[in-house]
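Quick note: the coordinates plus some simple rules give every number you see, no bench work behind them. Please read all numbers here as calculations on a predicted model, not as lab measurements. Using ideal geometry, Cβ is built from the backbone for each residue, glycine included, and neighbour counts are taken over all protein chains shown.
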Ligand SMILES: [Cu+2]
């Protein structure tokens, strides 16, 4: 998914930590240059709206679900 507002390593860590704290998420890797996060998750356990909520709780906005 694409996320707005991530500008530094701290943002990267906050988003990755927020996402990987969810059960059903195997890994979350942010690409700062592209403003994207690659999430490996189990769709039976966690929904995209859960993922989106975790990003928002970390303080960032999802601009595009991929
Ligand atoms: Cu930052």
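Of note:
- Selection within region 1-35 - assigned to a strand (DSSP E or B) and within 14 Å of the ligand (Cβ to nearest atom): 3, 4, 30
- Residue that is away from the ligand (no atom under 16 Å from the Cβ), on the phi < 0 side of the Ramachandran plot and touching a strand residue (DSSP E or B) at 6+ places or on another chain (Cβ under 7 Å), where the choices are 41, 60: 41
- When residues of region 25-34 are limited to those that are in contact (Cβ under 8 Å) with a residue 24 or more places away in the chain and touching a strand residue (DSSP E or B) at 6+ places or on another chain (Cβ under 6 Å), the one nearest to residue 1 (Cα to Cα): 30
- Hits in region 3-24 (condition: within 16 Å of residue 66 (Cα to Cα) and surrounded by 14 or more Cβ atoms within 10 Å (Cβ to Cβ)): 3, 19
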